[in-house]
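Quick notes on the structure that follows.
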Amino acid sequence: MTATLTPRSAAPAVPARPAAAPRPGTRLLALPEVRRAGAATALFLLALPFQLAGAPAWTWGPLYALAYATGGWEPGREGLKALKDRTLDVDLLMVVAALGAASIGQVMDGALLIVIFATSGALEALATARTADSVRGLLDLAPATATRIGPDGTEQTVAVEELTVGDIILVRPGERVGADGRVLDGSSEVDQASITGEPLPAVKEPGDEVFAGTLNGTGALRVRVERDASDSVIARIVRMVEEASGTKAPTQLFIEKVEQRYSLGMVAATLAVFGVPLALGEDFAEALLRAMTFMIVASPCAVVLATMPPLLSAVANAGRHGVLVKSAVVMERLGQVDAVALDKTGTLTEGTPRVIDVRPLPACGLDENGLLMLSAAAEHPSEHPLARAVVDAAHARRLELPAARDFASAPGVGVKAVVDGRTVEVGAPARLLDEPDEPDDPDGTVVALTEELEKEGRTAVLVVVDGAPAAVLGIADRLRPDAAATVTALTALTGTAPILLTGDNPRAAARLAAEAGVGDVRAGLLPQDKMSAVKELEGAGRKVMVVGDGVNDAPALAAAHIGVAMGGAGSDLALETADAVIVRDELAAVPTTVALSRRARKLVVQNLVIAGVFIAGLVLWDLLGTLPLPLGVAGHEGSTVLVGLNGLRMLRDAAWKRAATDGAG
């Protein structure tokens, strides 16, 4: 394992408004740890063929020496610094072991230790950098400036950090809201999926609350600021991501304790193996050889390879099948999960509104196709998600859409257009019926249909043709085809049914949960509520896996034992904050990856037993008898190769297929 694991809480502080930075991939590859690991590995691989081919030492010796210097200089320097503070860690011990191996002619063995250590350090550096990037990406959601309205009505563009509670800001159509506040004047529809996860824009009128970073629709709003920029929902999400990431640090504390004890034990044992025989009269060279042999056979090469190949092979296997697991540590933790929390929109569902019901009214004289054709033609010029759903439904039925004339859109109400000489209006039932010069609903048919659809978790849309109500459309997000099977599989794997955490309304959440087989539903949640629910489960001793896709899921993803993001519709922050990403957007891959992790963990246990038996046997032989150095090296390297090959079994496609079978219950 790596010598020193950098906790994610140690990520560098993120500036309030970062300047333009290099592309993330380029910046991560430029990390010093990554460059050192890459150089050390390249030098090792370049030297190895020369040595195995029996070439003279001068052809491969300098390459190994450079690998030692490149990969071992920094951990050695840090180890010496720790030694000054009276702390002995595995960094320094492994560098000494590598040098000890070289001093008795086992140059390749020592170089392998250096390469493994450098590579592990690079993985930890990448994980830390990705955490910082995730928080930095969230800051970009909030606009840098806002339009402040002065007491005399003048407009001034100011930095959002300059806004204070009580200021009035103007949010024009298509702009992002600059601060958390309450609408004073105006009406619009605001896309606040980044905060609540709701798939449809929310109508905002005087008295309604709006959040910084949410996207305004077609209307203009005047908003009174109610929170400073540092206390906005977006800013609080940033802090929660950082704090939740830091809650994983206790594992690091445990590792450091084990590392210190192991280091002290190894140093003491090596000195004893050298000093005791020497004091009893053994030849100096023989005592030194015995001590060096002890250091070689007791070195944790086999232990390192016992752990990493199965996990890294499982990571590679998952990657081939559309699941990005960000580190071997994450792969190991996936197998520990015993509780699952699922987001709704974009996770259990496809995240795209669709027309589910078409309910013609008896007096309209049109069938479903005729109504859809008129509705879709009227909605075609609109960019509203509900309009796209209606148009998509018409296209799915291969309906030809005539051109619409005199198109008009009213935020929060709907659209109006002339189609084939008929005046068609499509919009919210309550708003259309309340509009002046519109017909009433004397027999209550529209109201009854609307209530029926809303009880089923649908969004009701009224179609009015030539001034008379013609139909009510039911629009809803659709459950993923594999959602129910995934819920069943996760229940079988963890022993408990998943819970649903969503910012959507309770009726829509309850309907989708019932279809998916989820019993515990928690709806109407803001980001901090989701995180609190996860912390509640974690506080009860559960190891929680959160599966989500939106910015509003980021705090919960970071707080969980494992966070998994859906890659298809996932926000940048969710993808960066999560420990694993379902790249192909297949929900069924979640239980399969958990099952794959458990298989990899079983191989780790097997390998640790093999490594432990070899190390213990060789150490006892060296202490109680005379272990020839070549035999000691052969035993040590043989065990290393054995556990390495055993771990590589996880690379085979058969391993994924078996995991899929396990994940399916």
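The values are calculated or read from the model by the stated rules, or taken from the named source; none is laboratory data. The structure displayed is predicted, hence computed values, not measured ones. Methodologically, a virtual Cβ is constructed for each residue, glycine included, from the backbone with ideal geometry; neighbour enumeration extends over all protein chains shown.
Every residue, every condition in (1) in the same structural domain as residue 427 (by TED's automatic domain parsing); (2) within 30 Å of residue 359 (Cβ to Cβ), yes or no:
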position	(1), (2)
455	yes, yes
466	yes, yes
493	no, no
500	no, yes
505	no, yes
511	no, yes
520	no, no
535	no, no
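The residue of region 463-479 that is nearest to residue 390 (Cα to Cα), among those that are within 44 Å of the chain's Cα centre (by Cα) and surrounded by fewer than 22 Cβ atoms within 10 Å (Cβ to Cβ), is 475. Within region 524-534, the only residue that satisfies the criterion of being in contact (Cβ under 8 Å) with a residue 60 or more places away in the chain and surrounded by fewer than 18 Cβ atoms within 10 Å (Cβ to Cβ) is 528.
When the criteria are applied in full, residue 213 fails the requirement of being at positive phi, surrounded by fewer than 19 Cβ atoms within 10 Å (Cβ to Cβ), at pLDDT below 90 and outside any strand (DSSP E or B).
For residue 363, the conditions (1) in a helix (DSSP H, G or I); (2) over 30 Å from residue 487 (Cα atoms); (3) modelled with pLDDT under 85 all hold with the exception of (1). Residue count for region 32-68 under the criterion of being surrounded by fewer than 15 Cβ atoms within 10 Å (Cβ to Cβ) and among the small types (Gly, Ala, Ser): the result is 4. No other residue among 173, 151, 206, 143 is over 30 Å from residue 330 (Cα atoms) and at pLDDT below 85 apart from 143.
Looking at region 498-517, is at least one residue of a type in the set (S, T, N, Q) and within 23 Å of the chain's Cα centre (by Cα)? Yes; the residues of region 498-517 include at least one that is of a type in the set (S, T, N, Q) and within 23 Å of the chain's Cα centre (by Cα).
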